[in-house]
Amino acid sequence: MDQDILGFIREHKIIAIVRGIGSDKMASLVQAMIDGGVRCVEVTFDQSSAEKQQDTLRSIRLLRETFGDTAAIGAGTVMTVEQVRLAKEAGAQYIISPNVSEAVIRETKAQGLVSIPGAFTPSEAADAWSYGADIVKLFPAGILGPAYIKALRAPLKHIPFTAVGGVSPENCRSFLDAGCVGVGCGGNLVSAKLVDEGRFDEITKTARAYIEALA
């Protein structure tokens with residue numbers, strides 16, 4: 001699967017954004033999402049401490065070892081060239097950022113990884129694409145709405161977009177209908193409360209609801 005992670009992401013359409021979950025609970029969480037049909041997972045860097053960044057790398061390593069080709073595992077909130085390299089060493093297959101950093105995008109491509117930077121405006125999206133991005137993440141999509149995406153795609157239909165931020169089972173299909181190739185889902189899918197309480201069956205149920213809505 002390594003040779004076509006981009007195709008895998010586009011086929012499965014939804015990336016689960018895992019933020020603030022410790023590596024000790026990561027395998028159970030991702031298994032629950034896979035059981036519901038979600039096969040792409042973004043483990044985000046917590047920029048607030050070195051220890052939390054190390055735990056992100058532990059999680060990526062663990063998920064690649066545990067799930068192999070069953071899931072595509074990426075690193076999220078990647079803000080520096082060094083984090084791109086560390087994520088690659090840990091086994092990340094794609095790099096997602098909240099912003100457009102030419103250095104991060106170019107390093108991601110130099111490392112042979114899929115690049116998905118975050119943009120808000122037409123200028124940012126066009127810049128990200130010119131630096132080598134594979135997909136541009138429109139964030140926060142819930143505030144922008146499908147109408148904004150349709151308007152943006154009129155002049156930029158050569159750029160594949162995903163919608164991230166405020167994406168729910170109820171509205172996710174509307175972003176695909178507006179022209180996005182996929183969506184990213186955080187708290188609506190990956191509930192820290194449910195993880196803490198071990199209610200993984202409910203996470204599976206929510207994952208299934210997303211998959212059915214996107215089908």
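The values are calculated or read from the model by the stated rules, or taken from the named source; none is laboratory data. Just so you know, these numbers come straight off a predicted model, no measurement behind them. Cβ placement follows ideal geometry from the backbone for every residue including glycine, while neighbour counts extend to all protein chains displayed.
Couple of notes before you dig in:
- Some residue of segment 121-135 being in contact with a strand residue (DSSP E or B) (Cβ under 7 Å, 6 or more places away or on another chain) and surrounded by fewer than 16 Cβ atoms within 10 Å (Cβ to Cβ): yes
- Selection over segment 41-74 of residues that are closer than 15 Å to Ile203 by Cβ and in contact (Cβ under 8 Å) with a residue 40 or more places away in the chain gives a count of 1.
- Residue check, Val41 β-branched (Val, Ile, Thr), in a loop (DSSP other than H, G, I, E, B) and modelled with pLDDT of 95 or more: no
- Options Gly36, Gly68, Gly20: the member that is closer than 25 Å to Ser168 by Cβ and modelled with pLDDT under 95: Gly20
- One residue stands out in segment 21-39 among those that are in contact with a strand residue (DSSP E or B) (Cβ under 8 Å, 6 or more places away or on another chain) and touching a residue at least 60 places away in the same chain (Cβ under 8 Å): the one that is surrounded by the fewest Cβ atoms within 10 Å (Cβ to Cβ), namely Leu29.
- Test: residue in segment 59-79 that is surrounded by fewer than 17 Cβ atoms within 10 Å (Cβ to Cβ) and under 15 Å from Ala133 (Cα atoms): yes
- Segment 179-212 - residue that is outside any helix (DSSP H, G or I) and more than 19 Å from the chain's Cα centre (by Cα) and, of those, surrounded by the most Cβ atoms within 10 Å (Cβ to Cβ): Arg199
- Some residue of segment 68-79 being among the polar types (S, T, N, Q) and under 21 Å from Ser28 (Cβ atoms): yes
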